[in-house]
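Take a look at the structure set out below.
Each value in this text was obtained by applying a stated rule to the coordinates, not by laboratory testing. As the structure is a computational prediction, the values presented were derived from the model and not from experiment. Cβ placement follows ideal geometry from the backbone for every residue including glycine, while neighbour counts extend to all protein chains displayed.
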Amino acid sequence: MEATGTDEVEKIKSKFMSAWHNMKYSWVLKTKTYFSRNSPVFLLGKCYHFKTEGEYRALHSFQSPSAGLSTDGSNFDKISTEISGNVEEFRKDFISRIWLTYREEFPQIKGSALTTDCGWGCTLRTGQMLLAQGLMLHFLGRAWVWPEALAMDSCDSESWPSSTVRKLTASFEASLTAERDPRLLARPPARRDWDGTERRNELYHRKIISWFGDSPLAAFGLHQLIEYGKKSGKMAGDWYGPAVVAHILRKAVEEARDPELQGVTVYVAQDCTVYSSDVIDRQCSLVDAGKAGTKAVIILVPVRLGGERTNTDYLEFVKGILSLEYCVGIIGGRPKQSYYFAGFQDDSLIYMDPHYCQSFVDVSIKDFPLESFHCPSPKKMSFKKMDPSCTIGFYCRTVQDFEKASEEITKMLKSSSKEKYPLFTFVKGHSRDYDFASSPLHEENDLFSEDEKKRLKRFSTEEFVLL
């Protein structure tokens with residue numbers, strides 16, 4: 001009887017915490033982002049020019065369509081028709097990126113009582129977003145946009161978190177009655193007839209999202225990433241730094257068993273150095289259990305953009321990186337608050353924020369709702385406020401692409417470096433040629449070698465050697 005009473009208390013406590021998380025992490029939806037008409041906007045290598053009088057909101061924040069007006073009284077639909085630039089293309093492009101946020105009420109994480117990552121999982125989420133962008137480049141290409149992007153942004157905005165108050169009220173009531181309806185998240189927009197290419201792309205779109213589902217079986221889901229993190233001493237509920245997440249993502253891709261993922265590998269730079277031969281070895285490793293082939297590679301480079309604060313001398317380099325179409329973004333943020341940086345305008349970075357608590361979506365069901373995996377509104381932040389610790393990501397489909405990218409980035413590093421040493425370097429040869437232990441491609445008994453564990457412990461404290 002006593003145990004039963006304790007369980008009931010824990011359940012009630014969990015429900016109140018669920019409602020509290022929704023209130024705590026939903027305020028970000030009310031903030032608005034403004035873009036200048038005088039400067040180009042870059043988003044993962046694509047450039048957009050906005051032309052209209054004065055400043056305007058490029059993407060409206062969550063609001064009730066029935067109201068018709070934003071909180072400042074402006075009519076966004078009217079503004080959109082007056083813009084002569086390519087704002088619609090930017091909106092479609094941004095909304096098409098995969099957005100992964102805090103979730104609640106997902107299956108319990110092994111070894112803990114946690115069913116939410118609110119408050120601690122933001123860096124894992126931004127790492128997921130970076131990896132998702134790499135997979136989108138691999139399977140869909142940079143030109144792909146979600147056909148339903150603008151439909152979700154406008155006519156369907158009432159059906160999920162468009163009205164924060166309505167969402168919070170429904171969430172609270174559902175928490176107390178234990179009758180949360182997953183359909184609260186989204187109502188799929190009416191689907192038009194798609195041709196063969198669009199159907200193929202939509203299948204990959206859904207498949208990529210399903211790999212990041214919040215269930216133990218999802219290849220890159222939170223549950224799997226936490227299991228890999230345990231090898232470096234991290235547990236569910238701990239805070240993860242961007243360098244540790246880079247190594248966790250590498251292990252997750254190595255261990256993925258889906259045949260579709262056998263053509264992709266991840267390389268993590270060692271001590272701010274990319275060893276070209278190590279990268280090419282990974283690309284030329286065996287594919288599909290014995291069949292020789294070339295893999296695409298996602299290169300992750302953990303760096304530090306200064307000491308305790310970000311050095312503004314690195315701004316031009318960061319902008320240059322985000323101007324490359326094969327850049328898959330940056331895992332960064334403010335101190336102890338991770339964001340996924342995907343673009344910039346002037347001296348402000350454009351990012352997607354994982355600090356919004358949404359309900360669990362079962363991605364194993366057919367036609368699961370997609371809307372909560374796409375963000376209708378970008379955020380901007382001054383580069384000066386960026387935490388110096390971050391991880392930069394690139395995607396190269398072939399060895400030739402990697403060689404071209406390494407040359408291009410090396411030139412960029414040299415031109416942007418005011419000091420003797422660049423932020424990171426590309427070096428010919430293997431890491432073993434420089435007396436560094438290279439990371440083994442296959443380990444039978446342990447996911448991380450002893451050398452990797454030592455490196456991860458150092459990274460977990462975010463200590464970097466500053467050149």
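Values for this structure:
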{"quantity": "Order by protection proxy (mean Cβ within 10 Å, highest first), peptides 215-225, 338-348, 423-433", "calculated": "338-348, 215-225, 423-433"}
{"quantity": "Protection-proxy order for peptides 242-252, 91-101, each taking the mean of Cβ atoms within 10 Å per residue, highest first", "calculated": "242-252, 91-101"}
{"quantity": "Calculated Rg and Dmax of the range 298-362 using C-alpha coordinates, Å", "calculated": "13.5, 45"}
{"quantity": "Cross-link pairs beyond the 27 Å C-alpha cut-off, checked among LYS234/LYS319; LYS251/LYS384; LYS207/LYS380; LYS319/LYS379", "calculated": "LYS234/LYS319; LYS251/LYS384; LYS207/LYS380"}
{"quantity": "Residue-by-residue Karplus 3J(HN,Hα) for the range 375-381, coefficients 6.51, -1.76, 1.60, Hz, glycine and proline x", "calculated": "9, x, 10, x, 10, 10, 8"}
{"quantity": "Distant-in-sequence amide H partners of TYR267 (H built 1.01 Å from N, under 5 Å)", "calculated": "ILE298, ILE299, LEU300"}
{"quantity": "Built amide H within the under 5 Å cut-off of ASN311, gap 5+", "calculated": "GLY306"}
{"quantity": "Phi-based couplings in Hz for the range 253-258 (Karplus 6.51, -1.76, 1.60; Gly and Pro marked x)", "calculated": "5, 4, 8, 5, 10, 5"}
{"quantity": "Cα-based equivalent ellipsoid, the range 364-410: semi-axes from gyration tensor eigenvalues, Å", "calculated": "31, 24, 9"}
{"quantity": "Phi-based couplings in Hz for the range 133-144 (Karplus 6.51, -1.76, 1.60; Gly and Pro marked x)", "calculated": "5, x, 5, 5, 4, 5, 9, 10, x, 5, 6, 5"}
{"quantity": "Amide H partners (placed H, <5 Å) of TYR356, local residues excluded", "calculated": "TYR102"}
{"quantity": "Sorted peptide list for 368-379, 257-268, criterion being average Cβ within 10 angstrom, highest first", "calculated": "368-379, 257-268"}
